[in-house]
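The values are calculated or read from the model by the stated rules, or taken from the named source; none is laboratory data. All of these numbers come straight from a predicted model, not from anything done at the bench. FYI the Cβ positions are ideal-geometry reconstructions off the backbone, even for glycines, and counts take in every protein chain you see. All accessible areas refer to the heavy atoms of the entire protein, side chains included, with ligands and DNA or RNA removed. Shrake-Rupley method; radii C 1.70, N 1.55, O 1.52, S 1.80 Å.
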Amino acid sequence: MLNVYGAPSTRQGGHEMAYDLLTRAYEQVAGSPLPPIDRTETGKPYFVRNALEFSLTHTKTMAFCALSSHVVGIDAETVRPVLPRVLERTMNPAELAWIDEQPDRDRAFLQLWTAKEAWVKLTGTGLQGCPKSVVLQFRDGQIGMENTHVHFYSREIDGVLVTVCAPLAETVTWQMVQPDGGVHTI
């Protein structure tokens, strides 16, 4: 089970909206109120005494929550132009070469960046100031990680690129919560 919930950010802001999505998602999936949340020593939030895992992210315009029966990470970025120096500072040579091969370099960079961020949210390690140390590889047109079996799922929603990282290959249910409270699967 891997559920991703998204919603347009409202005046309350993305951070609060992401937690509202988590509350809604948890109640829908577990059928009970949101349990207490604590943080690991590295700052990764988790449910206290609960089998479900979650990850949150937001941009200026959208908020997202991933809820799973396995550890999960999610990141989102608004699709926008990226300065060449940002690419050079954050990507290793193989990643830069892959970006150069893509028809849209900005989207390609954001796909890799959100994958790196989703990975460090899954592991709870953070980038620790060294985004080049998170090494992505490319197999059969898919992004992966060296010596791991994680899977990345990406899609663009309303101008925002969202990437989820999970340890198992599974179906992702993408759901958007509308301002009127309605939910639809996309």
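Listed by first and then second residue, the pairs linking a residue in region 125-136 that is in contact (Cβ under 8 Å) with a residue 60 or more places away in the chain and at positive phi to a residue that is assigned to a loop (DSSP other than H, G, I, E, B) and surrounded by 14 or more Cβ atoms within 10 Å (Cβ to Cβ), with Cβ atoms under 9 Å apart and 6 or more places separating them unless they lie on different chains, are Gly126/Lys44.
One line per residue, one yes/no per condition, for (1) touching a Phe, Trp or Tyr at 6+ places or on another chain (Cβ under 8 Å); (2) open to solvent by 50 Å² or more (accessible area, probe 1.4 Å); (3) farther than 30 Å from Val29 by Cβ; (4) at pLDDT 95 or above:
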residue	(1), (2), (3), (4)
Asn92	no, no, yes, no
Trp98	yes, no, yes, no
Asp104	no, yes, yes, yes
Val120	no, no, no, no
Gly126	no, no, no, no
Gln137	no, yes, yes, no
His149	no, yes, no, no
Cys165	yes, no, no, yes
